[in-house]
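We did not get these values from a lab; they are worked out from the coordinates using the rules stated. No experiment lies behind these values; they were computed from the predicted model shown. Note that each Cβ is placed from the backbone with ideal geometry, even for glycine, and that neighbours are counted across all protein chains shown.
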Amino acid sequence: MVRRKVLIAEPCGFCSGVRNALGMIEKKLETTTGNIYILKGLIHNNGIAAELRKWGCIFVDTVEEIPPGAECVFGAHGVSLKVKKLAAEKMLRVTDATCPLVEQLQSQAQSVTPEQELILFGHPGHPELEGVIGHAGTEKIFVVRTPREVEELPELEHPILLVQTTLSHTEAEQVKKALKLRFPNAETPGNICRASLLRQQAVERLAPQCDLFVVAGSSHSSNANRLREIAEGCGVRAVLLDSPSEVTSQLLQGVRTVGLSAAASTPESQIEALRKTLEETV
């Protein structure tokens, strides 16, 4: 049996925010007999979502889908002030599993004054970004997805930059520089979370040693996609896999060394299963 070398990036997998969110839902499941409604998804991991559905959790996109007085969990990506108000009006029994770092970002957005312009570096439609926008103290909000889009902004007087926590630290720095170059008075307090930074740096160190780089995570996970992109940026073929069943002989043809990392929402069991399959697939 062929056993190729699999190098695991350290750190990878669960971050403290994800562990906190899962701990909250586990306690809720122990004490609740009825359905638990999870708003906007707890975390971005298909396997964990499937397990929670087995235990009676129902995933919804809006508060309107939740019956009055029901048990409700806000996911780790957070929600807007409007959503919190609607939940209170429906007398939902809320467990707030918002990541503390996302809460900090929401607080920063709330402190932006109506006279300032809020620039958000992030992905439109992402739950975290929607929640942050829903806390903003100004209606002057602009979302940029790349450093180049900074050049497309209108003339601004008091711009302040905040950054979605799961993005590339390299691109975040590039956006900051582009904004400062165009608007020297711009405030740039936004940073990605330390857990994301450490995982990205680990991929940067490991990827050049590999013939192939695999990121364990779901395709809709922002931080998983960033890890894949960072490995590709190191000149290495990189793929995002959600399950060991996606590993094929064709994928591993000619590969002697595989790098393996995982999104912050990927459990250790999924990482280990992928590691074993990558080693043993002929």
What's the exposure ranking of His169, His158, His77, His220, going from fewest to most Cβ atoms within 10 Å?
-> His220, His158, His169, His77
With the convex hull built on the alpha-carbon atoms of the range 143-254, volume per residue in Å³ sits at 111
Return the loop-located GluC sites (Glu not before Pro) in the range 105-171 (DSSP other than H, G, I, E, B) with at most 16 other Cβ atoms within 10 Å of their own Cβ; answer none if there are none.
-> Glu115, Glu139, Glu155, Glu157
For a footprinting-style exposure proxy, rank Val214, Val83, Val258 by other Cβ within 10 Å, fewest first.
-> Val83, Val258, Val214
Between Leu81 and Phe59, Cβ-based FRET efficiency (R0 35 Å, step 0.05) works out to 0.95
Viscosity 1.567 mPa s, temperature 4 °C: Stokes-Einstein D of the range 16-99 from its Kirkwood Cα radius, in µm² per second?
-> 103
Test item: Cα-centred dipole of the range 102-182, Lys/Arg +1 and Asp/Glu -1 on Cβ, debye = 240
Under 20 Å by backbone N from the virtual spin label 7 Å along Cα-to-Cβ at Glu268, the residues of the range 1-42 are 6-27
About its Cα centre, the chain carries a charge dipole, from +1 on Lys and Arg Cβ atoms and -1 on Asp and Glu Cβ atoms, whose size in debye to the nearest 20 is 720
Roughly what would the spin-label model give for Glu157 and Thr113, points 7 Å off Cα along C-beta, in nm?
-> 1.1
Which residue, chosen from Leu251, Ile38, Cys234, occupies the Cα position most advanced towards the positive end of the dipole of the chain, where the dipole is computed from +1 (Lys, Arg) and -1 (Asp, Glu) charges on Cβ about the Cα centre?
-> Leu251
Relative to the present Cα-Cα distance, how much length would full extension add between Thr31 and Lys276 at 0.36 nm per residue of separation?
-> 84.6 nm
By average C-beta atoms within 10 angstrom, highest first, the peptides 232-240, 265-273 = 265-273, 232-240
How large is the dipole of the range 185-273 about the Cα centre if only Lys and Arg carry +1 and Asp and Glu carry -1, each at its Cβ, rounded to the nearest 20 debye?
-> 160
Going by how many other Cβ atoms sit within 10 Å of their own, how do Cys15, Cys72 line up, fewest first?
-> Cys72, Cys15
Sticking with the crude label model, points 7 Å out along Cα→Cβ, report the distance from Val239 to Glu51 in nm, one decimal please.
-> 2.5
Would you work out the relative contact order for the chain, in percent, from Cα pairs under 8 angstrom that are 6 or more residues apart?
-> 22
